[in-house]
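Please read the structure below before turning to the comments.
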Amino acid sequence: DRGSVQNSPKLYDVEYLMPVSLGTPSQQLNLDLDTGSSDLWVFSTLLKESMVNGQTLYNPNASTTSDKMEGYTWKITYGDQSYSSGDVYIDTVTIGDLTVSTQAVEAAKVVSEEFTADSDNDGLVGLGFGIINTVQPYKQKTFFEKAMPGLDSPVFTADLKAGAPGRYNFGYIDDDAYSGNITYVPVNSTDGFWRWVSPGFQVGSAGSFNSTRIHGIADTGTTLLLLPDSVCDAFYSQIASAEYEPSQGGYTFECGDPTVPDFYFGTANGQMIRIPGSYMSYSKTDTGSSRCFGGMQSDSGVGFTIWGDVALKAAFVVFDQGSEQLGWAEK
Ligand SMILES: COc1ccc(CN)cc1O
């Protein structure tokens, strides 16, 4: 079996949403595929109206195939301190023509203000490893883990694009979606993340390669590229107008600054992925400002590097849960 679904970026590529069908008859929600977490949760009719702001709500009572898991609950908090919690139903879930008939659907009863404010986002599909699923008393498998046995190949791929729709594919690798070769690196899933080690980085096409091992996770659900301070310093020191502005929450530079270099990160066997300098001006710091917030910021608040959408949209990425590897290719 296999599946393929289009993903669509929101403004500034802050997140990528995909259509997902839940229940019978099907209810279509727009969800955020997040390889940095492992709960599939949705805005639901269980929420107080004050917590809903335009989102489409999953109504388990309107689905003839939903079964309430009595006594089961979930509660999750993300790196940005946003959170959600609720009850658990088993129901059918389809993503890109791939159906899991008995998926744990976590129906929200409470969501934090960040989710309420994000009116296009109806919930998340966590495709990290099930070991960090938050359902109590017994953790639940991710959509991919439920689908995996029936797939042609135990992989899913992420093809995120800058300011344009891309695709998530399940169960196969589309050889027309990338250029050159796919280079694989080992993944350590102990913490439930797609955690891998980059051998180093290079700033600018004429820069030298810095051999410094960077431990981090591939996370489709994080917008920015969060790297060690030493790497951020090496990058921003090459940008004439760059400043570290604590009041803005990080590095900023003049949006039109022509000195913003490309950033390359190593994968394996000498392969490097090039992130164009244009991906590094994330958004204007304030309306009318001439300064842009950098797409690369420090990981010091997190404790490990996060290869978020700014990095992932420069590559074709294979999440191989069969062999616990990540595959990287240019495109
Ligand atoms: C507030 O919105 C979000 C918070 C956390 C995640 C997961 N990293 C995704 C979101 O869309």
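The values are calculated or read from the model by the stated rules, or taken from the named source; none is laboratory data. What you see is a predicted model, and the numbers here were worked out from it, not measured in a lab. Here Cβ is always computed from backbone atoms with ideal geometry, including for glycine, and neighbour counts include all displayed protein chains. Heads up: the accessible areas ignore ligands, DNA and RNA and are worked out on the full protein's heavy atoms, side chains in. Shrake-Rupley method; radii C 1.70, N 1.55, O 1.52, S 1.80 Å.
Below is a table of values for the structure above.
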| quantity | calculated |
| --- | --- |
| Charge dipole magnitude, Cβ of K and R +1, D and E -1 - the chain, Cα centre, debye nearest 20 | 280 debye |
| Tensor-based shape of the range 197-254 (alpha-carbon gyration tensor, a/c under 1.5 rounded, otherwise prolate or oblate) | oblate |
| Lone cysteines, the chain (no partner Cβ under 4.7 Å) | Cys232 |
| Whichever lysines have a C-alpha closer than 25 Å to that of Lys141, once near sequence neighbours (fewer than 8 apart) are set aside | Lys68, Lys75, Lys109 |
| Accessible area of the chain divided out per residue, in Å², using a probe of 1.4 angstrom | 40 Å² |
| Lysines whose Cα lies under 17 Å from that of Lys10, excluding same-chain neighbours fewer than 8 positions away | Lys161, Lys284, Lys313 |
| Of all DSSP beta bridges in the chain, antiparallel share, percent nearest 5 | 85 percent |
| Dipole magnitude of the range 173-331 about its Cα centre (Cβ charges: Lys, Arg +1; Asp, Glu -1), debye to nearest 20 | 160 debye |
| Packing rank of 135-141, 25-31, where each peptide gets the mean count of other beta carbons within 10 Å, highest leading | 25-31, 135-141 |
| Ordering of 144-156, 177-189 by packing [mean C-beta count within 10 Å, highest first] | 144-156, 177-189 |
| Apportionment of accessible area to carbon and sulfur, the chain, percent (1.4 Å) | 47 percent |
| Cα-centred dipole magnitude for the range 1-138, charges only on beta-carbon of K, R (+1) and D, E (-1), debye, nearest 20 | 260 debye |
| The chain - Rg over Rh from alpha carbon coordinates, Kirkwood radius | 0.97 |
